[in-house]
Structures are given as structure tokens and as C-alpha cells.
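Derivation of every value follows stated rules applied to the coordinates shown; laboratory data play no part. Everything numeric in this text was worked out from a predicted model, so none of it was measured. Quick reminder, even Gly has a Cβ in these numbers, built from the backbone with ideal geometry, and neighbours come from all protein chains shown.
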2 protein chains.
Amino acid sequence: MREVVIVGAAETKFGKSELSYRELAAQAGREAMADAGASPEQIEAFFLGTFSPGTFIRQEHAAPLIASELGLQNVPSTRTENACASGSTAFLNAIFAIAAGAADVVLVVGAEKMTATPTSEVTSILAEAADWEQESKVGLTFPGAYALMARAYFDRYGKTRDILDAVAIKNHRNAMGNPYAQFHKEIGPEDIARSAMVADPLTLYDCSPISDGAAALVLAAADVAGQFRRPGVRVLGFGQASDSLALHHHADLTTLPAARKAAERAYRMAGVSPEDISLAEVHDCFTIAEIIATEDLGFFKPGEGGDAAKAGATARDGRIPVNPSGGLKAKGHPVGATGVSQIAEATFQLRGEAGDRQVDGAELALTHNVGGSGATCVVTILGRPE
Amino acid sequence: MREVVIVGAAETKFGKSELSYRELAAQAGREAMADAGASPEQIEAFFLGTFSPGTFIRQEHAAPLIASELGLQNVPSTRTENACASGSTAFLNAIFAIAAGAADVVLVVGAEKMTATPTSEVTSILAEAADWEQESKVGLTFPGAYALMARAYFDRYGKTRDILDAVAIKNHRNAMGNPYAQFHKEIGPEDIARSAMVADPLTLYDCSPISDGAAALVLAAADVAGQFRRPGVRVLGFGQASDSLALHHHADLTTLPAARKAAERAYRMAGVSPEDISLAEVHDCFTIAEIIATEDLGFFKPGEGGDAAKAGATARDGRIPVNPSGGLKAKGHPVGATGVSQIAEATFQLRGEAGDRQVDGAELALTHNVGGSGATCVVTILGRPE
């Protein structure tokens, strides 16, 4: 496959923003082009990852909207939607367009505007990413779905919520070093103990927040990347896999088979193993999800991810730093932006520009982005510029 | 670019259906695989073109939903959304995946379920494909937007509504031969004269209907297509282009610049000219749109498309048959299904299997699929199996 590199990356600050959807998306897009030293005229195609702007802000057909806002005249502009993995599938489709030879330079934006919608409605809209007819309309929301997974994990492996605490505390600490993060607030077990129960055993601090935000990447074929001012972060491997939306079809609630498949494909394509990875940005929409992710990705054996987090193995200076950005938990989770933001964070790390959240000697970064309760999973493996 | 062929195609009947969204999409997908003689195990990736299932039926994340319904285990499954051009962009992204070498055999489905939603809400949901902040929320709906285009066309070229009549009458006549069409009812100028005004000068018979439906295609790399039982219809060229969503940014309301760009790219890639095309399935969401399309595609000079329709040049036995299927006007317009359905119809024509709507000696078919009032345009050029 034609080699693709990332020559530009940008994120907006995540959180409750005064900016509109189109302003956030355009800001990220403009800043990624500025980072690359690319002009709008150099962009040959545009992909937008976004989840549900039709329900959040009554705006479908958002790809040409943002493309024209950015001055990308007449380029093919396409939205992809795969729930919380929308951003990563935009990234993969951009790679396919380049590898197919349909474009040499592509802009990818991920964006979501969620805070203009009342919280109860947000939960209902997010539930449209699950099987509406079989689950959501009878009352199963995502906090409920992940609470079932946490219960299953606790039961299977004899664990308690201290492993969840470890993830929340670490990710809040990591976000202190991330200027784009929604939360800059360290927490301890006592804060979690005092926090509201959302879906037993998940409390408020186990859940990623409702966020506005956008992120963007400029991708180029490696053979034309020399024209840009930044060194190209290499796309070494990727994998995408799917599964049924309905949780009741899943044989095992302590693992996401699609994440395992996606990871297997990405590792094989990149020709590397879990132990080669320098850092991972994983989809911790809930704390239990990070623990399961670190097992699905092969960093830890099944049942050992929680204890590993407790022991500091996933801290920024641990054996395998997980979510040095703060993750969805503390960086924030503007749904369509998340996958693109993970790759932008990996890009900053691999260029050695991650500031206070930099992982020393980062050579290989992995991103893991999940849609729903595992119905879509995308894993990418990125390498330091040569 | 690696050559791609269409080895399977299917459509459901369009119209008000008893079937749910997932049943319609799955039916089309199953029948396209049956047409190709492909098993679910042979499908390596899945693309779903769908517009707004989140608002119509509260179901986002529909790609893995339909994939698992079809028994496509763990394959990458991605939804694309570009308003009424969602189906065609799913088709193009499937081609990119194959050309990139990421998959050899891909299933594409387009689907929409619209009739379960009250008509006034449908119009409002469709208006989310326009610029909500600048147009839709202040009252401009699509019938209004296309009425402005019709007025501009009439004023510029000194025409009257008899040219619109010609399109509606032809497309209703063509649909008589299409078993998948929503309407099997011939109409005359007197029916149109008696019909309700929707947005002056557009009456009910100038507007495509609200529809349920799905269509599907099995695509394969030409180098592996020999394993399937149907001859491969060749994808010879394609083009996609975008424009601003807001109509007030368009300098000229009598043409869609993105359609001209997309057509220019498709003709160049295929190495053919408008006069080489045997038949075209074009995006007649409103009758005026077909007239403008036939000019944007180079079949007629600007201002001459309406008279050409009146003179029979676009009839099934005319110089360039346009919408032998009945078009969106009479075949129906389940938004996300439309682009895929156009390509399915072209496939049937190029295999000589279009029954009562067959165009004699069809060698090259063109499809033209528009999102919004021209913010997304996709043109494809397909060739008879070798």
C-alpha cells in the first residue's frame, strides 16, 4: 500500500465552548494546515468524522459545509459516521483515498458540539449509537451498558472498584499537562467516593464528560510529503473491525472482540508487537473501558489490566503509558473529534512536542477508538518521523 | 488505479414499506450477494450510505448494525453521509478501499426509512442537509431552494413550466416499466395543472416523493472478479466535488458548479465524452434539477435542456435516455439509497437485464447524484461487461 504520513495536526481546547460547530471544526482544520505549512489549494480531498450533528445541532451534510468554510474549493468532501469511532474511520478513509491514488494530500477533521444540548437529551442521542430497537428504547444507555461490563469484569476476576479509581486518578493527573484538556483538576479516591453514582458501579468520575471540540490532521502520500514543513509521522499499521450493536449478542462482556481483531490487523500490518509500543491513546469512555482496552490490545493478560493500572504500569512513566493526554475521561470526549484527537496526540508525542505530557523516547504510538459498546473498533500504529 | 467491477446489484421496491430500516437494508444486501453468488464470508468490508437515520428512526451507527444483520462477521463497516449523495460516496469509498488494496470484495448498501416520520418533520429533517444556521432555520426548505432555481432558469432563458411538465410526464412513463418504482401511474399536463402548488413554480408533480427503500452492490477488484457468477460491470470513471451548502453563496442558480466539476473529472478518468454515453440516471429531486443536470453533464447547452426534454431527446428511445428507471421523481427517493440505486439501475442496463426499461445497445451509463442544492455531487461512468 502507498505509504501515508501525517504532516500536520491540531486540536481545539475540549470542553464547553463559546464557538459553534462550524467554528470549532474550521479552527482545527486551519491550524492543522498551518502546522503543515499547507494552503487550502494544496488539499485535494476532505474527510469529516462526526457523530450526530443532525440531532445535536440540526446540521447534516457537514463535510461540504466545513470544506467551504475552510476555502477548500470543490474538493471531494465526505462525512463518515461510526459513533464514537467516527474520527478514526474518517482517518482510514482518507488513507484509502491516498493509497488508491485519488488524492495526494487530504485534510481530516473530527468535530462535535454537544454542550448546547440538555444533558438528558445528550444521553438519549448517544444511545442512538446502540441498537435502538433492541436496547436503547427499552432503557439501556451507555453508562448502563458499561456498568454491565464492569460488573461482569468484577465477577469474573474478583475485582473491586479500586481498579476503576486508579484509571480515573491517573487520567485526571495526566490531563494536568495537556492544555487542550477539558479538566485540569487532580482527583483522589475520596473525591470519587463522594461523587454521584451514575450506573452502579460507575460513578461520575468513571464517565467521560459531555464536550465540544475538534481535531484535525493533514495527511500526505509519503512520496509528496517533502513539500510540507513538518516531518511526517508514519502510518505503519491500522485495523478496523465491527461487531453487533446489541450487547446481548456479545458472548463475553469482559472483552471487545472487534478491538482484538482490529489490533491483530494493525500489529500484523505494522510488523510489531504490543511490547514494542511506546504509548497508547485508548478509548476510556468509562474507566472500565480503559482496563478492558489494555487487555484487548495485548498489553496485559485478561484480568490483569486493572491491577496493572493500580501498580502504575500505565502511568506516563510506567511500562506502557496509557492516555498520557488525559484520555476521554479528563481530556474530554466530543464524540466525532475523539479518534482524530487521539491521532493528533500521538503525532505530538512522536514529534517530541507533547510538552508536559511527553513520553520519553516515544518511537511507536498506538490509538484505539471504539464506537458504541464495541460495534466499531479502530486501532492505528504510528511511527516517529524518519 | 486498481480496476474495480460491479459483480452484484439489487434494489428493494421503493415507496411506503412495511419493512423496518434494518430489514430493508439487509434485504438489499442479501439480494446483491445472491446476485453475485457471493457468501457473507467473501465480503471483506462494508460501506453504508445513509442520510439521517438518527432523526428518522433514532438509529445512528447503522453500518455495523446492518453488517451484523447480514452475517458479515467483524469486517470493517463504515457509514458515509453526504445528504442525498450519501449512497454514491459510500460507493466511492468502497472503490478507494479496493484500489488501496485494503479489501478485494466489498458490499455497499444505501438505505433510508422516511415514511414512518410525519411529512412536515421529513421536510424539516431534509432541510438539515442545507445550511441550518444561514438558511433552513429561517425557513428555506428544499422545495423553496429548487423553486428559486426554477425561477432563475425561467428568467434567464425565457422558459415556462411546460419544460417541467415534460420531465415529470417522461419519468412517470418510464417508471411504468420499473418493478421497483414507487409510482406506476402515467400522468399528463392536466394532472399537473390540477395538482397542489408546493413552492411556486413547483407543484406536487415536480417533487420527488418521500420513500422507504434500499439498494446494494457487490464490488470486486477486477483481478479477483472471476470467482463470481455475474459478469463485472466496469467502473470506468468517477468524480466527486463539493460547494457551499448555502444557496446565497452560489453565483448562478441555473447550474451546479460541483456537478460540472464532478462530471469533468469522471469524463477525463473514463476517457469519454458526453456524446458517448448511452443512458444517464440523474438526480431529479425536482423536475428543474433534471433539466439543469442534463446541461451540467454536457448533454445539452445551457438553456436547452428543457426544450430537449420537451422534444423527446431524453426519452427512453431518444438521443440520450435520461432516467429510464423513472428517476427520483417516479421511482422514489429514499435518500441514502438513491445513489446506490442509480448505480444498480445502470448495472441492470449494462447487463441487458432492465426489462421493459431497457435502453437498446447500452454500452456506457452515467450516474449523477446530488446532495443538497449542489453542495455534494458525484458522477460515475460505468461500462458494459467485457
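Taking only C-alpha pairs under 8 Å that are 6+ residues apart, what is the relative contact order of the range A:232-340 in percent? Could you put the intermediate results ahead of the total?
On the way: 126 pairs, mean separation 25.3, N = 109.
Reported relative contact order: 23 percent.
Looking only at other chains, what is the average number of their beta-carbon atoms within 10 angstrom of each beta-carbon in A:2-12?
Values: counts 3, 0, 1, 0, 0, 0, 0, 0, 0, 0, 0.
The mean count of partner-chain Cβ atoms within 10 Å per residue comes to 0.
Antiparallel DSSP bridges in chain B: what percent, to the nearest 5? Walk me through the intermediate numbers first.
On the way: 37 of 51 bridges.
Around 75 percent antiparallel, to the nearest 5.
Would you mind calculating the relative contact order of the range B:49-192 from Cα pairs under 8 angstrom and at least 6 residues apart, reporting the percent as a whole number?
Relative contact order here is 18 percent.
Is there a simple number for the mean count of other chain Cβ atoms within 10 Å of the Cβ of residues in B:90-100, and what is it? Mind showing how you got there, number by number?
Numbers: counts 2, 0, 7, 9, 1, 4, 14, 7, 2, 7, 13.
Mean partner-chain Cβ count within 10 Å for B:90-100: 6.
Tell me the net charge near A:Leu245. Cut-off is 15 Å between Cβ atoms, A:Leu245 excluded, with +1 for each Lys or Arg and -1 for each Asp or Glu. Display every interim value, and only then the final one.
Numbers: positive: A:Lys137, B:Arg22, B:Arg58, B:Arg79; negative: A:Glu81, A:Glu128, A:Asp131, A:Glu133, A:Glu135, A:Asp243, B:Glu60, B:Glu69.
Neighbourhood net charge equals -4.
If I take R0 = 35 Å and measure r between the Cβ atoms of A:Asp223 and B:Glu41 in this structure, what FRET efficiency does the formula 1/(1 + (r/R0)^6) give, to the nearest 0.05?
Values: r = 36 Å, r/R0 = 1.02.
About 0.45, to the nearest 0.05.
Which pairs break 22 Å Cα to Cα here: A:Lys113/A:Lys310; B:Lys13/B:Lys170; A:Lys170/A:Lys261; A:Lys113/B:Lys261; B:Lys170/B:Lys331? Walk me through the numbers on the way to the answer.
Values: A:Lys113/A:Lys310 34 Å; B:Lys13/B:Lys170 20 Å; A:Lys170/A:Lys261 27 Å; A:Lys113/B:Lys261 32 Å; B:Lys170/B:Lys331 12 Å.
Violating the 22 Å limit, Cα to Cα: A:Lys113/A:Lys310; A:Lys170/A:Lys261; A:Lys113/B:Lys261.
Sort shortest first the distances from A:Ser195 to its counterpart in every other copy, using label points 7 Å along the Cα-to-beta-carbon line, and give them in nm.
Those separations, rounded to one decimal, come out as 5.8 nm.
Find the Cα radius of gyration of the protein assembly as shown, compare it with 2.2 N^0.38 Å by division, and give the number to two decimals. Please report the intermediate quantities before stating the final value.
Numbers: Rg = 25.3 Å, N = 772, 2.2 N^0.38 = 27.5 Å.
Output field value: 0.92.
Partner chain Cβ atoms within 10 Å, averaged over the residues of B:63-74 - can you pull that number for me?
That works out to 6 on average.
Where does the charge balance sit around A:His368 when Lys and Arg score +1, Asp and Glu -1, over other residues with C-beta under 15 Å from its C-beta?
On the way: positive: A:Arg260, A:Lys261, A:Arg265, A:Lys329, A:Lys331; negative: A:Asp243, A:Glu264, A:Glu281, A:Asp284, A:Glu290, A:Glu295, A:Asp296, A:Glu345.
Combined, the nearby Lys, Arg, Asp and Glu give -3.
Alpha carbon centre of the range B:272-302 versus the range A:1-53: separation in Å?
Taking the Cα centre of each part, the range B:272-302 and the range A:1-53 sit 35 Å apart.
Helix A:257-270: angle to the longest alpha-carbon principal axis of chain A, degrees 0 to 90, nearest 10?
40
With angles folded into 0 to 90 degrees, how steeply does helix B:335-350 sit against the dominant principal axis of chain B? Use alpha carbons for both and round to 10.
The angle comes out near 70 degrees.
Report the local net charge at A:Ile288: Lys and Arg +1, Asp and Glu -1, summed over other residues whose C-beta lies under 13 Å from its C-beta. Don't skip to the end; give the middle numbers.
Details: positive: A:Arg151, A:Arg156, A:Lys159, A:Arg161, A:Lys329; negative: A:Asp155, A:Asp162, A:Asp165, A:Asp200, A:Asp206, A:Asp284, A:Glu290, A:Glu295, A:Asp296.
Spelling it out: positives minus negatives among the neighbours equals -4.
What translational diffusion coefficient, in µm²/s and rounded to a whole number, does the Stokes-Einstein relation yield for the range B:297-386 at 25 °C and a viscosity of 0.890 mPa s, taking the hydrodynamic radius as the Kirkwood radius over Cα pairs?
For these conditions, the coefficient is 176 µm²/s.
May I ask for the angle, rounded to the nearest 10°, between helix B:287-296 and the longest principal axis of chain B, with both axes built from Cα atoms and the value confined to 0 to 90°?
Approximately 70 degrees, to the nearest 10.
Can you order the peptides A:279-291, B:305-317, B:55-67 by their average number of other Cβ atoms within 10 Å per residue, highest first? Could the numbers behind the result be given before it?
Details: A:279-291: 29.5, B:305-317: 20.3, B:55-67: 27.2.
Listed from highest to lowest mean packing, they are A:279-291, B:55-67, B:305-317.
Considering the Cα trace of the range B:220-265, what is its radius of gyration and what is Dmax, both in angstroms?
17.5, 51
Placing the label point 7 Å from Cα along the Cα-to-Cβ direction, what are the distances from B:Gly139 to the equivalent spots in the other copies, shortest first, in nm to one decimal?
4.5
Looking at the protein assembly as shown only, what percent of DSSP beta bridges run antiparallel? Nearest 5 please. Please report the intermediate quantities before stating the final value.
On the way: 78 of 106 bridges.
Beta bridges within the protein assembly as shown, antiparallel portion: roughly 75 percent.
Can you tell me the relative contact order of chain A? Whole percent, Cα pairs under 8 Å, sequence separation 6 or more. Write out the running numbers ahead of the final one.
Details: 970 pairs, mean separation 101.6, N = 386.
The value is 26 percent.
For chain A, set up a Gaussian network in which alpha carbons nearer than 10 Å are linked by springs, and say which option among A:Ser39, A:Ser208, A:Ser52 fluctuates the most.
Result for chain A, Cα springs under 10 Å: A:Ser39 fluctuates most.
Residues of the range B:16-34 with amide nitrogen under 19 Å from the 7 Å Cα-to-Cβ point of B:Leu204?
Within reach of a label on B:Leu204: B:16-17.
Just how far, in whole angstrom, is the range B:344-361 from the range A:348-386 if you go by their alpha carbon centroids?
Cα centroid to Cα centroid, the span is 49 Å.
Put a label point 7 Å from Cα along the Cβ direction on B:Gln227, then list its distances to the equivalent points in the other copies in nm, shortest first.
B:Gln227 label point versus its equivalents elsewhere: 3.9 nm.
Could you give the distance between the Cα centres of the range A:182-199 and the range B:203-253, to the whole Å?
For the range A:182-199 versus the range B:203-253, the Cα centre distance is 49 Å.
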